[in-house]
Amino acid sequence: MADEPIAVISYDPDWPRRFEQERLLLERVLAPWLDGGIHHVGSTAIPGIAAKPVIDMIAGVRDFEEARAAFAPLREESYHYAPHRPGIAHHFSKPSPRLSTLTHNLHLTEPESDLWRERLAFRDALRGDPGLVDEYQALKVRLAEEHSHDVGAYTAGKREFVVRVLATAGLQPGRR
């Protein structure tokens, strides 16, 4: 998976259904820890935008440390712990059945966290502004072409745009 080029593809109207299907599974698996629901975030949650074909989700948990007990049940559903922003969120990735690509990303975090507020505010801002969608899509396509094998550079290239969108929502990217 790490050697695969970054692929930004046209919007797939099946992405919301794929999220809903996974949400139902995760609500059952995460029930003992869940607080705030499971939300579709990232570009696949924005109608009409081209995106990497990975369903990004964020799930609110009552207590960040107690949610470590969810690691084993998530592993049984093929989710692999993939540390990213430790101390803020427990991050998991789910590969395709052939293990060749990722199909889902999941963050477990408390609903009061900066990450929670940022991901939902960014999604909602783009859902409400077609101009931002066009701008972000053009940026993502350009970055995928320029950094096709460097996900770090691809992600860093989006940061200025994300910070600007969050600022319009009254948020500054945080650490918690």
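The values are calculated or read from the model by the stated rules, or taken from the named source; none is laboratory data. This structure is a prediction, so every number in the text was calculated from the model and none was measured. Positions of Cβ are generated from backbone atoms using ideal geometry, with glycine treated the same way; all protein chains shown enter the neighbour counts. Calculation scope for accessible area: heavy atoms of the full protein, side chains included, ligands and nucleic acids excluded. Shrake-Rupley method; radii C 1.70, N 1.55, O 1.52, S 1.80 Å.
On the basis of being farther than 24 Å from R17 by Cα and either open to solvent by less than 50 Å² (accessible area, probe 1.4 Å) or out of contact with any strand residue (DSSP E or B) (no Cβ under 8 Å at 6 or more places or on another chain) (or both), does E76 make the cut?
Details: farther than 24 Å from R17 by Cα: no; either open to solvent by less than 50 Å² (accessible area, probe 1.4 Å) or out of contact with any strand residue (DSSP E or B) (no Cβ under 8 Å at 6 or more places or on another chain) (or both): yes.
Here the answer is no, as E76 does not meet what is asked.
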Q. Among the residues of region 77-92, which ones are in contact (Cβ under 8 Å) with a residue 24 or more places away in the chain and outside any loop (DSSP other than H, G, I, E, B)?
A. H90
**Q.** Leading residue by the ranking (farthest from L115 (Cα to Cα)) among those in region 46-73 that are surrounded by 16 or more Cβ atoms within 10 Å (Cβ to Cβ) and of a type outside the set (A, V, I, L, M, F, W, C)
**A.** P73
Q. If you go through region 3-45 one residue at a time, how many are open to solvent by 60 Å² or more (accessible area, probe 1.4 Å), outside any loop (DSSP other than H, G, I, E, B) and over 17 Å from A67 (Cβ atoms)?
A. 5
(Q) Taking the condition of being under 19 Å from I49 (Cα atoms) and either of a type in the set (S, T, N, Q) or in contact (Cβ under 8 Å) with a residue 12 or more places away in the chain (or both), how many residues in region 160-176 meet it? (A) 4
Q: Hey, can you tell me all the residues within region 113-149 that are open to solvent by 20 Å² or more (accessible area, probe 1.4 Å), at pLDDT below 95 and assigned to a loop (DSSP other than H, G, I, E, B)?
A: S148, H149
